[in-house]
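**Q** This is the structure I have questions about; it appears just below.
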Amino acid sequence: MEKILIIDDDMELTDLLVEFLKDFKYKVFVHHSPISGLEALKKETVDLVLLDIMLPEMDGFQVLRKIRETSETPVMMLTAKGDVSD
């Protein structure tokens, strides 16, 4: 079973993503804090990380840099930003 880690502070969105992804037989781990998400990634091997850009404590780009220090796991960035410059 493929595993996905979601790091996003929006609980409503993560609930929807979990419901959707479980229908396709993915095992999904959710962390609403970037720090707890990074800790989970040290303990659990996953096939994909879905990462919010706007997070408390540190932004998604900082989290991505931390992930890349130790992992080449694919990361998809999630954002509510809509401007081209973003």
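**Q** Does V46 meet the test of being out of contact with any helix residue (DSSP H, G or I) (no Cβ under 8 Å at 6 or more places or on another chain), part of a loop (DSSP other than H, G, I, E, B) and open to solvent by less than 50 Å² (accessible area, probe 1.4 Å)?
**A** Criteria met by V46.
**Q** Shifting gears a bit: When A40 is evaluated against the numbered criteria (1) open to solvent by less than 50 Å² (accessible area, probe 1.4 Å); (2) assigned to a loop (DSSP other than H, G, I, E, B), which criterion, by number, is the only one it fails?
**A** (2)
**Q** On the given criteria, is M54 outside any strand (DSSP E or B) and of a type in the set (A, V, I, L, M)?
**A** yes
**Q** Pick from region 56-76 the residues that are in contact (Cβ under 8 Å) with a residue 12 or more places away in the chain and charged (D, E, K, R): which of them is most open to solvent (accessible area, probe 1.4 Å)?
**A** Looking at the filtered set, the residue picked out is E57.
**Q** Right, another one. In the set I35, I53, I4, which member is modelled with pLDDT of 95 or more, under 11 Å from the mean Cα position of the chain (by Cα) and surrounded by 12 or more Cβ atoms within 10 Å (Cβ to Cβ)?
**A** I4
The values are calculated or read from the model by the stated rules, or taken from the named source; none is laboratory data. Bear in mind the structure is a predicted one, so any value in this text is a computation, not a measurement. With ideal geometry, Cβ positions are generated from the backbone for all residues, glycine too; neighbour counts draw on all protein chains shown. In case anyone asks, the SASA skips ligands and DNA or RNA and just uses the protein heavy atoms, side chains included. Shrake-Rupley method; radii C 1.70, N 1.55, O 1.52, S 1.80 Å.
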